[in-house]
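Below is one structure, written out as C-alpha cells, with a few remarks after it.
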Amino acid sequence: MTQEIAVPAAAELETARAHIESRRMHVISSAVRYFLLAGVGFIMLYPLIWLIGASFKTNSEIFTNPGFIPQEPTIDGYIQGWKTSTPYTFATFFWNTFLIILPKTIGTAISCAAVAYGFARFEFPGKKILFATLIATLLLPNVVTRIPHYLLFRDLGWLDTFLPLWVPSAFAGDAFFVFMLIQFLRAIPRDMEEAARVDGANTLQTLIYIVVPMLAPALISVCLFQFMWTMNDFLGPLIYLSSVDKYPISLALKLSIDTTEAFQWNRILAMSVLALMPALVVFFLAQKYFIEGISTGGVKG
Amino acid sequence: MARLQIRNLEKVYGNAFKAVHGISLDVNDGEFMVLVGPSGCAKSTTLRMIAGLETITGGEVRIGDRIVNNLPPGQRGISMVFQNYALYPHMKVRNNLAFGLKLKRRPKPEIEESTRAVAGILEIDPLLDRLPKQLSGGQAQRVAVGRALIKKPEVFLFDEPLSNLDAKLRASMRVRITDLHKRLKRDGLSSTVVYVTHDQTEAMTMGDRICVMKDGHIMQVADPVTLYNRPENAFVAGFIGSPEMNLLEGTVVANGGLTVALAGQPLSFGPALTDRLKAKDGDAVTVGIRPQHLSIAAQDDDNALEGTVAHVEFMGHEVYLHVDLAGMRLVAVVPSDRYNPADIHDDHIRLTPREEAVHIFDRQTGRNISLPPEA
Ligand SMILES: Nc1ncnc2c1ncn2[C@@H]1O[C@H](COP(=O)(O)OP(=O)(O)OP(=O)(O)O)[C@@H](O)[C@H]1O
Ligand SMILES: [Mg+2]
C-alpha cells in the first residue's frame, strides 16, 4: 500500500525537478548566447569605437594609451587635419566626392530603373542574349576590365576628370543594380501598369507615374549602395585622377600619409571619422527603406 | 454612343497556343454583354484584346466606326475594371480617379467636378483622401469602378470585378453595377458594357445578353431567358442553370413514337417532341432534363424513371433529391409542399420529366436536336 502511494509522489517530484532543470538550462543557454553575441558584437565594433576615441587624443597618447577613452580630449586632430598639408582644405575633397557621387547616384537610379523596366516588362528581339550579357558582366571580375577601360577613357581624353568615375554608372553600367531592380519588378503585378495604359498613359508616363513610385524602396536601396560604394571607392580615383585638387576623400586620406615626414596619426584618424559620417548619417536616415528594399520584393496592400 | 463589333477574332500566344479561335460578336450600343464560361475558356484574353492590352493576331475589333486593332488602349475609348482592382498604390483615391483625366490635360476645375460627381454616385466621397491600402475590398472595388466611370468611355470592360468579394457584398455590388448601367443609359451616356465572369448567377442577373464561351469558341449568344429555355448545345445547357441540368446518355428507339432508352429504362415521348426531333433509330443522344422539371411520378404513370435515392437535401422551400439511376446520377428539385417522404419506397423513387422542357442533344456534336421553332 505505502509503495503504491509513494510511486506517484516520486514521479511528480521527478517531473517538477525536470521542469526546474529545463528552465535553468534555458536561462543558462540564453545567457551564454547573449553573452557571446554581445562579445562578438563588441569585437566587431571595437575598431570603430577606438577610432572615434583616438581621434580626440594627442598624437603621442595614441600609442601610449591602449584604451579608447582619451585622457586629455582635444580636437586638435580635427583642426589640423582639416587644413591638410596641401594647399586645399578637406572641404575641397568633400566637395569633389560630392561632385562624383551626385551625378553617379542620380544617373544610376534613372538609367537602372529604365533598363530594368525594359527587361522586366517588354518582349523584344534579342532579349535573351542581352539579358545573358547583363548577367555575364555581373560575374566578370572588375580587374579584367580595368586596362581596357583606362585605354578607352584615355582616348576620350577623360583622364584626370570625374567623368570616368560616374558616366558608366549613369548609363546603367552597374549590372548588379539592374538585376536587383528586375527581380523587384518581377514581384510587382502588372495590373497597375495596365490600368495606367488604359487610362491613357504611354510607356514613359507609365514608368514615371506608376512604376517608379512602386519601385521606390528598391531605388532607395540602389542609391544607398551606390553612395556607400562610391564613398569607399579608392581604386577608381587612384587610377583616373592625378591632380590633388580633384581628389575625393578616399584618396585624400591616403594623401596625408604619403606627404608628411612624421605621420600625424591623430589628424588621419580625425579625418577618417569625418569621412565616415556621411555614410553613417545617410544609412540611419534611410535605414527603413534600405532594409525594405533588399528584403521584400513587392508592394504591400 | 458606341457599338462594339468583333470579327473573326483570333489569338495565338507567343508559345503557339491558340487561345481564341476566330470568334465574332456584336455588342449593341448601350447593351450589357456578359462573357461567361469555365476557367481557361479565354474570356480574359478576349477582353484584353478588346482593351488593347493583348495583341490581336487575327480578325478585327471595331468600336463605334473605328477599327481599333492597332490603337493603344488609351485611345480606344474604353475603360476597364480589373479583378484585383489595380488601384495605384501610391496615390490617394482622389488621384486614382483623376489620373486618366490628368493625363489628358483636362482643366483642373473640370477634373474636380468630375471627381466629385463620380464620388457621389459611388458613395466614396469620405474616402477621397485615403490610400488604396486603407480601403476595404468593397470600397476598393467601388473606387475601381469610379476610375472607369470618370473617363466617360464608349465601352466599359469588366474582368471578374466581383470575384474577390464575399457573397453578400457581391450581391450588393451586382445590383449597384446594374443600376449604374441603367442610370448611364437613362442619362444618354455611352453605356456599352462587356462584363467577364465565370459565375452564371452574375451572368444571368446582369446581362442583357450573355455570350457563353468554351475553349476559345463561342457556344451561344442570347438573352438569359432564351439561353435557359433554348440552349443550342449540351454545353450551354449544362453550364446555365442551377443545380445543373441532368445530362443522361441514351439511345433512340423509334417505335412509332419516340422512346429513349436511359440506363436500360425506356422513356417515351409524345408527338410534340417526336415530330421535331431529327434522329433515327439507334442514334446515340444525350437527354437533358433540368432538376426543376422532374417530378415524382404518379402511381399509375408507367412512363417514369426509377432509381435509388442516394440522399435528400432539404433547402427550405425546395427539396433536392439525389437519385442513382443504374450508375447515372440524377438530381431532382421538388417544391417542399409537393414532397412526401412516403413516395420513396425502399429507397426507390419514380420520377417523370415535364416533356415540353426536355432537350435532346446529339451525343457526337452536342447540338440540340429537339429545339422547337421559335415562337
Ligand atoms: N500569356 C499567355 N501565354 C500562353 N497562354 C496563355 C497566356 N495567357 C493565357 N493563356 C492561355 O489562354 C487560355 C485562356 O486564358 P484566359 O486567361 O483568357 O482564360 P479565362 O477564361 O479568363 O479564365 P479564368 O476564368 O480562369 O480567368 C488559357 O488556356 C491560358 O492557359
Ligand atoms: Mg480571366
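The values are calculated or read from the model by the stated rules, or taken from the named source; none is laboratory data. Remember, it's a predicted structure, so these values are computed and weren't measured experimentally. Cβ: placed from backbone, ideal geometry, glycine included. Neighbour counts: every protein chain shown. When the accessible area is computed, the model is the full protein with side chains, heavy atoms only, and any ligands, DNA or RNA have been set aside. Shrake-Rupley method; radii C 1.70, N 1.55, O 1.52, S 1.80 Å.
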>> Averaged across B:131-140, how many Cβ atoms of other chains sit within 10 Å of each residue's Cβ atom?
In response: 1
> Could you give the nm distance between label points at A:Trp82 and A:Trp158, where each point is 7 Å from its Cα heading toward the beta carbon?
Replying inline: 3.5 nm
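Count the net charge of all other residues whose Cβ sits under 10 Å from the Cβ of B:Val236, scoring Lys and Arg as +1 and Asp and Glu as -1. Let's see the in-between values first.
Details: positive: B:Lys214, B:Arg230; negative: B:Glu232.
Value of the local net charge: +1.
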> Can you put A:Thr86, A:Thr64, B:Thr251 in order of accessible area, largest first, using a 1.4 Å probe?
Replying inline: A:Thr64, B:Thr251, A:Thr86
> What is the percent of Cα-Cα separations in chain B that go past 34 Å?
Replying inline: 41 percent
>> Tell me the angle of helix B:167-186 to the major Cα principal axis of chain B, expressed in degrees between 0 and 90 and rounded to the nearest ten.
In response: 70 degrees
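Have a look at the DSSP beta bridges in chain B and tell me what percent are antiparallel, nearest 5.
On the way: 61 of 79 bridges.
If I count the DSSP bridges inside chain B, around 75 percent turn out antiparallel.
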> What average count of beta carbons from other chains do you get within 10 Å of the Cβ of residues in B:75-85?
Replying inline: 3
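Give me the extension gain from B:Asp347 to B:Asn303: residue separation times 0.36 nm, minus the current Cα-Cα distance, reported in nm with one decimal. If you can, show how the numbers build up before the last one.
Details: separation 44, 0.36 × 44 = 15.84 nm, distance 1.92 nm.
Working it through step by step, the gained length comes to 13.9 nm.
Restricting everything to alpha-carbon atoms, can you work out Rg to Rh for chain A with a Kirkwood hydrodynamic radius? Please report the intermediate quantities before stating the final value.
On the way: Rg = 28.1 Å, Rh = 24.0 Å.
In chain A, Rg relative to Rh is 1.17.
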>> Using a 10 Å cut-off around each Cβ of peptide A:199-210, what is the average number of partner chain Cβ atoms that fall inside?
In response: 5
> Just the Cα atoms of segment B:244-362, one point each, no solvent: what log10 I(q)/I(0) does Debye give at q = 0.11, 0.21 Å⁻¹?
Replying inline: -0.35, -1.19
> Probe 1.4 Å, all protein chains in place: accessible area of A:Trp229 in Å², nearest 10?
Replying inline: 120 Å²
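Can you give me the % of accessible surface on chain B that is carbon or sulfur? Probe 1.4 Å, all protein chains present, nothing else counted.
Values: 8290 of 17030 Å².
Within chain B, the accessible surface is 49 percent carbon and sulfur.
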> In nm, to one decimal, how far is the modelled label at B:Lys108 from the one at B:Asn70, with both set 7 Å along Cα→Cβ?
Replying inline: 4.0 nm
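Give the interface area between chains A and B as buried accessible surface, both sides summed, probe 1.4 Å, in Å² to the nearest 100. Present the calculation step by step, with values, prior to reporting the outcome.
Numbers: alone 18460 and 17840 Å², together 34640 Å².
The buried area between A and B, both sides summed, comes to about 1700 Å².
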>> Cut-off 10 angstrom, C-alpha nodes, Gaussian network model of chain A. Which of A:Val32, A:Val115, A:Val167 fluctuates the most?
In response: A:Val32
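Only Lys, Arg, Asp and Glu count, each charged at its Cβ (+1, +1, -1, -1), so figure out the dipole size of the protein assembly as shown about its Cα centre, rounded to 20 debye. All intermediate terms of the calculation are to be shown ahead of the outcome.
Values: 64 positive and 65 negative charges, 586 e Å.
The calculation lands at about 2820 debye.
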> Accessible surface of A:Glu21 in the full protein assembly, 1.4 angstrom probe, to the nearest 10 Å²?
Replying inline: 90 Å²
> What list of ³J(HN,Hα) values in whole Hz, one per residue of segment A:50-66 in order, does the Karplus curve 6.51 cos²θ - 1.76 cosθ + 1.60 (θ = phi - 60°) give from phi, with Gly and Pro shown as x?
Replying inline: 4, 4, 5, x, 5, 5, 9, 8, 7, 4, 6, 5, 3, 8, 9, 10, x
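In a shell of Cβ-Cβ distance under 13 Å around B:Asp347, excluding B:Asp347 itself, what net charge do Lys and Arg (+1) and Asp and Glu (-1) give? All intermediate terms of the calculation are to be shown ahead of the outcome.
On the way: positive: B:Arg350; negative: B:Glu306, B:Asp324, B:Asp343, B:Asp346.
With Lys, Arg at +1 and Asp, Glu at -1, the net is -3.
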>> Which of B:Ala357, B:Ala16, B:Ala263 ends up with the largest GNM mean-square fluctuation for chain B, with Cα atoms connected below 10 Å?
In response: B:Ala16
>> To test your reading of the geometry: what angle, between 0 and 90 degrees and rounded to tens, separates the Cα axis of helix B:93-103 from the longest principal axis of chain B?
In response: 70 degrees
>> Leaving ligands and nucleic acids out of the surface, order A:Arg17, B:Arg183, B:Arg338 by accessible area at 1.4 Å, largest first.
In response: B:Arg338, A:Arg17, B:Arg183
> Across all directions of projection, what mean area in square nanometres is found for the Cα convex hull of the protein assembly as shown?
Replying inline: 55.1 nm²
> Under a GNM of chain B (C-alpha, springs under 10 Å), which listed residue has the highest mean-square fluctuation: B:Asn95, B:Asn164, B:Asn340?
Replying inline: B:Asn340
> Longest exposed-loop-site-free stretch of chain B, with chymotrypsin sites (Phe, Trp or Tyr not before Pro), DSSP loop and at most 15 other Cβ within 10 Å?
Replying inline: B:18-375
>> Take the residue pairs A:Lys127/B:Lys214; A:Lys57/A:Lys83; B:Lys102/B:Lys168; B:Lys92/B:Lys151; B:Lys102/B:Lys133; B:Lys104/B:Lys133 and return only those whose Cα atoms are more than 28 Å apart.
In response: A:Lys127/B:Lys214; B:Lys102/B:Lys168
>> Can you return the aspartates and glutamates within cross-link range of B:Lys18? Criterion is Cα-Cα under 15 Å, with same-chain partners fewer than 8 residues away left out.
In response: B:Glu10, B:Glu54, B:Asp215
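How do A:Leu138, A:Leu253 stack up against each other in accessible area, from largest to smallest, with a 1.4 angstrom probe? Walk me through the numbers on the way to the answer.
Details: A:Leu138 60, A:Leu253 35 Å².
I get A:Leu138, A:Leu253, largest accessible area first.
As an exercise, use a Förster radius of 35 Å and the Cβ-Cβ distance of A:Phe68 and A:Arg23 to find the FRET efficiency, rounded to the nearest 0.05.
Numbers: r = 39 Å, r/R0 = 1.10.
Calculated value: 0.35.
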>> Between 0 and 90 degrees, rounded to the nearest ten: what's the tilt of helix B:137-149 against the longest Cα principal axis of chain B?
In response: 70 degrees
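Of the beta bridges DSSP finds with both residues in the protein assembly as shown, what % are antiparallel, to the nearest 5?
Working: 61 of 79 bridges.
Close to 75 percent.
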